[in-house]
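We did not get these values from a lab; they are worked out from the coordinates using the rules stated. Computed from a predicted structure; not experimentally measured. Backbone-built Cβ (ideal geometry, glycine too); neighbour counts: all protein chains shown.
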């Protein structure tokens, strides 16, 4: 639709400038919609029409724009012609615009806006869109909804333009919270409740075990040991964690189905649990890994001992943190 109007403007310009319409179309751009008074729908950049020379002062270009505008005439397509800063502006006949838009929407349906000749030469790419990313064993909330809607929009847009799109849901499925959750489920969990309403029951268990861990050091220690077992690959601990993860994803899929959202892959922090040790070894080999009195491992990001720039990458028991797994992810993607 917009290309039809752009071509009509280019045809009128070609008669005045004695240039082929094809040479002019790229110099005519749509004016972004604004809350201010509508001055134009399309504008022609006068700079793009002038030959390159050493004298491109603003007054000369403005004079050129005014002279060109005076030679043009309104017709059935263009209702107003004016000049702006180094541009000639065109306003489309509103009755024609409304009729054309409605007809095009009816004809194209969901493909409306994608038949533009501006997209004809667009190179096709493989594009990864990572979005939503809720935390396993926790309820889907409005913060995740925002990311989900925006990410799905971007994925749909790229796909509509002909790109190969891979939709990834990078879950928060690893960390000390699973030490707490695993311990909590062993103490307060019920299999029947887990199967009937997984996220609600896991949320209740998580709240309860956090309260217990705050008052009882033995519970906090048990949670720490459970996460350590996870990192070491303990079969029983991993089996319980996998159950939490699978049930959570099933619940999320129900939500996504209602929203019309789908994913090609469910990944997460857990994918990098083994690679985290490689990162720690790499940091140590480069002399960047520092051990503290408490037994934790840190990296001085400032290089001069600034306390505010110290990043902890390993707990005293050898387990990883979010920062460690993020570094593993970036390294795997070739970003570091």
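Tell me the angle of helix 58-71 to the major Cα principal axis of the chain, expressed in degrees between 0 and 90 and rounded to the nearest ten. The angle comes out near 60 degrees. The relative contact order of the chain comes to 12 percent, based on Cα pairs under 8 Å that sit 6 or more residues apart. For region 132-271, dividing the convex hull volume of the Cα atoms by the residue count gives 101 Å³ per residue.
On full extension of the chain, what length is gained from residue 94 through residue 293, given 0.36 nm per residue of separation minus the C-alpha to C-alpha distance?
The span from residue 94 to residue 293 would gain 64.2 nm if fully extended.
With Cα atoms as the point set, region 251-291 shows a radius of gyration and Dmax of 18.1, 51 Å. Counting only DSSP beta bridges whose two residues both lie in the chain, roughly 65 percent are antiparallel. Treating the angle as unsigned and between 0 and 90°, give the value, to the nearest 10°, between the Cα long axis of helix 275-285 and the longest Cα principal axis of the chain. Rounded to the nearest ten degrees, it is 90.
Extents of region 2-119, taken as max minus min of Cα coordinates on every principal axis and listed largest first, are 49, 29, 25 Å.
Taking 147, 276, 302 in turn, the Gaussian network model of the chain (Cα-Cα springs below 10 Å) assigns the largest fluctuation to 302. Relative to the current alpha-carbon distance between residue 214 and residue 16, full extension at 0.36 nm per residue lengthens the span by 63.2 nm.
Cβ-to-Cβ counts within 10 Å put 26, 312 in ascending order as 26, 312, the fewest first.
Which value at 222 nm does the chain reach when only helices count, each DSSP H run of 4 or more adding -39,500 (n - 2.57), with the total divided by all residues and rounded to the nearest 500 deg cm²/dmol? Calculated at 222 nm, the ellipticity per residue is -16000 deg cm²/dmol.
Listed by Cβ neighbour count within 10 Å, with the fewest neighbours leading, 320, 133, 326, 308 appear as 308, 326, 133, 320. If I compute Cα extents along the principal axes in Å from the structure I just sent, which labelled value in (1) 52, 40, 37; (2) 87, 53, 34; (3) 70, 53, 42 lines up? After the calculation, the listed value that fits is (2). Once the Cα atoms are used to define both axes, helix 217-231 deviates from the longest principal axis of the chain by about 60 degrees.
Computed FRET efficiency, Cβ-Cβ of residue 253 and residue 70, R0 45 Å: what is it to the nearest 0.05? Working from the Cβ atoms, E equals 0.10. Extension gain for residue 50 to residue 236 (0.36 nm times residue separation, less C-alpha to C-alpha distance): 59.5 nm. Between residue 157 and residue 112, the distance separating the two model label sites (each 7 Å from Cα on the Cα→Cβ line) works out to 1.7 nm.
Summarising the label geometry, the points placed 7 Å from Cα in the beta-carbon direction at residue 122 and residue 190 lie 5.3 nm from one another.
The mean sequence separation of alpha-carbon pairs under 8 Å and at least six residues apart, normalised by the residue count of region 274-336, gives a relative contact order of 28 percent. Cβ-to-Cβ counts within 10 Å put 16, 142 in ascending order as 142, 16, the fewest first. Distance between the pseudo-spin-label points of residue 7 and residue 316 (7 Å out from Cα toward the beta carbon): 7.4 nm.
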